Protein chains: 2
Amino acid sequence: MKISWLLSVQRGLRLGENKMLGVTILGNNSAVPAFDRHPTSQVISTLRRNFLVDCGEGTQIQLIKYKIRRSKISHIFISHLHGDHYFGLVGLINSFALLGRIQELHIIAPAPLQQIIELQLKVADTRLCYPLHFHLINNTGHLMTIDDIEISCFKTNHRIECYGFSFKQIKKPRRINPGKVHAYNVPISFYADLQSGNDYVDENGTSIKNEELTVEAPRGKTYAFCADTKYDESLLPHIRDADMIYHETTYLDNFAERATQRFHSTTKQAGRIAEKAAVKKLLIGHFSSKYDVLDDFLTETREVFPATELALEGVCYLI
Amino acid sequence: MKISWLLSVQRGLRLGENKMLGVTILGNNSAVPAFDRHPTSQVISTLRRNFLVDCGEGTQIQLIKYKIRRSKISHIFISHLHGDHYFGLVGLINSFALLGRIQELHIIAPAPLQQIIELQLKVADTRLCYPLHFHLINNTGHLMTIDDIEISCFKTNHRIECYGFSFKQIKKPRRINPGKVHAYNVPISFYADLQSGNDYVDENGTSIKNEELTVEAPRGKTYAFCADTKYDESLLPHIRDADMIYHETTYLDNFAERATQRFHSTTKQAGRIAEKAAVKKLLIGHFSSKYDVLDDFLTETREVFPATELALEGVCYLI
């Protein structure tokens, strides 16, 4: 039995058992690849599909390395058009065609990307064998709802137009309590009403409270990807109370001035954002190529926000 | 002492001792990356500089992995605009800027590439800190002479416009024989004439043959990169008698029909080209992602042309 298959089943089981989203890191480095770290890309996985967020150069090779099912990628979100966040996209689109993909692919990105991709396909005389749809971001707020995931985007504070994305599981309907509906003889035809929260009134006119017959479904989880950004509290409303956020920490704390100049953040700035937004967990990445060892990133950020993890390539973080 | 430094010194010494060119393979796979093989890219090294030929996605990561001095890359040659031959170029150009490069970079490529690169730099608001020059290929034949290397291009037979490149060391001037010029009292002012092949006539009118005073310089080496191509004997005049050629072998011999349909070559076709062109050594690559193990490529090609080597990533082949 192939290890790749086992790994993918294991990932599926973990996501299933926990009724959660998972995020797998494919690249955690800033602009220039270094120390075997790759430019930004990550995969948000549900049981049914993979959402790819950013697609730096080499992403398709990382997808193979970490046994991510490419055919399950239905949507690709690009935060902004600095190359370390999208130079791998055209190669992936091209490879999908060579691999004989037939299902639709959706690209959600700032406008000029469509022109860039289409130009490159044209000069290569490439005709895709699957439908490719561009959704150009021209506003913040709700983007789309896919399965039970509501996806929104929000502006971050970067040198060029840049967007973060939030992935929110829609709250499930209330769950029927089988013992109680049986005891009160609730007809099956009323179950949908119960799941919507209505009380049940029997044939004698007796009302039975919804809470007696159903239990609340588990809360939907939220993950927010904050892209590239300098410290900016205007992000807070968009990520408040999230179960996990990814916030960049290009620099350690002693480079705060350079971080601001270059529209990036430091460890402690990311920690402060996570703390003020009252999120449950913080994932940090986009490390500058200045740094070989990453331990100080974790130490410094945890001084401000203890529930922090380094975004390590190949690791799937459950949300 | 760092291993990287030792490796680079070793490479330099090998090139120096042998007065040769060397070619290091960075990617030997065809379109879709597979089995840890990368898309096409290779480095032609002289003691003074590196020429990069093709630049598939991930080339900048391969350059780091195999300790190739990026700052020594002065010219990049792109054979054609299928993505597996150039999708890594914009990332490399971008990284050069982030690394603070100041020396000129020359790109030699089919015309539409300039538009693609400039569009991507523009949307990212990237201003390069070094001069970038495009030399658009609009004809075959002599391209340029750099140091003692004469570089030409020739058309190959592919689905879109595609060029091969030949790198030829210009024959060096004849070498002065120190013992003989001393014995015949040849004045130093005449040395340049001797190196050009002229005889020496002393003050008494006695003529001394050039061959008596000089020795012939070693023959210049030639390397030819045949890009992507189907079997086509019109390549022969451009690569005849080369010391080494690289010819693609996308497929094994039993896929000859598919190779022709897709404008690619098989093992035996590459062997026949090498044999007919009377080259000294054949390097084969651009292996289809169908093949995990490459042994049969070597066996089949050697049946036709014994002096064949597999182009293996990370290996420097001396010419």
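The values are calculated or read from the model by the stated rules, or taken from the named source; none is laboratory data. Predicted, not measured: the structure shown is a model, and the values here were computed from it. Note that we place each Cβ from the backbone using ideal geometry, even for glycine, and neighbour counts take in every protein chain shown.
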- Go through B:236, B:310, B:282 for me and flag whichever is surrounded by fewer than 24 Cβ atoms within 10 Å (Cβ to Cβ), farther than 14 Å from residue B:157 by Cα, assigned by TED's automatic domain parsing to the domain that holds residue B:32 and of a type in the set (A, V, I, L, M). B:310
- Message: Can you confirm whether residue A:158 is over 19 Å from the mean Cα position of the chain (by Cα) and buried (at least 19 other Cβ atoms within 10 Å of the Cβ)?
- Response: yes
- Message: Among the residues of the range A:99-140, what is the count of those that are of a type in the set (Ser, Thr, Tyr) and facing another protein chain (nearest Cβ under 10 Å)?
- Response: 1
- Task: Could you list, in sequence order, all residues of the range A:73-87 that are among the hydrophobic types (A, V, I, L, M, F, W, C) and more than 16 Å from the chain's Cα centre (by Cα)?
- Result: A:81, A:87
- Note on the structure: Of the residues in the range B:40-98, those that are at the interface with chain A (Cβ under 10 Å from one of its Cβ atoms), in a loop (DSSP other than H, G, I, E, B) and under 19 Å from residue B:310 (Cβ atoms) come to B:56
- Hey, among the residues in the range A:166-224 that are touching an Asp or Glu at 6+ places or on another chain (Cβ under 6 Å) and among the polar types (S, T, N, Q), which one's farthest from residue A:140 (Cα to Cα)? A:207
- Every pair of residues 6+ apart whose Cβ atoms lie under 7 Å, when the first sits in the range B:161-185 and is surrounded by 15 or more Cβ atoms within 10 Å (Cβ to Cβ) while the second is of a type in the set (Asp, Glu): B:162/B:228; B:168/B:150; B:169/B:148; B:174/B:216; B:180/B:212
- Query: When you scan the range A:161-183, how many residues do you find that are in contact with a Gly (Cβ under 7 Å, 6 or more places away or on another chain) and among the aliphatic types (A, V, I, L, M)?
  - Reply: 1
- Considering A:212, A:248, which residue is surrounded by fewer than 23 Cβ atoms within 10 Å (Cβ to Cβ) and in contact with a helix residue (DSSP H, G or I) (Cβ under 8 Å, 6 or more places away or on another chain)? A:212
- Task: Being in a loop (DSSP other than H, G, I, E, B) and at positive phi is the filter; apply it to the range B:99-147 and report the residue that is surrounded by the fewest Cβ atoms within 10 Å (Cβ to Cβ).
- Result: B:100
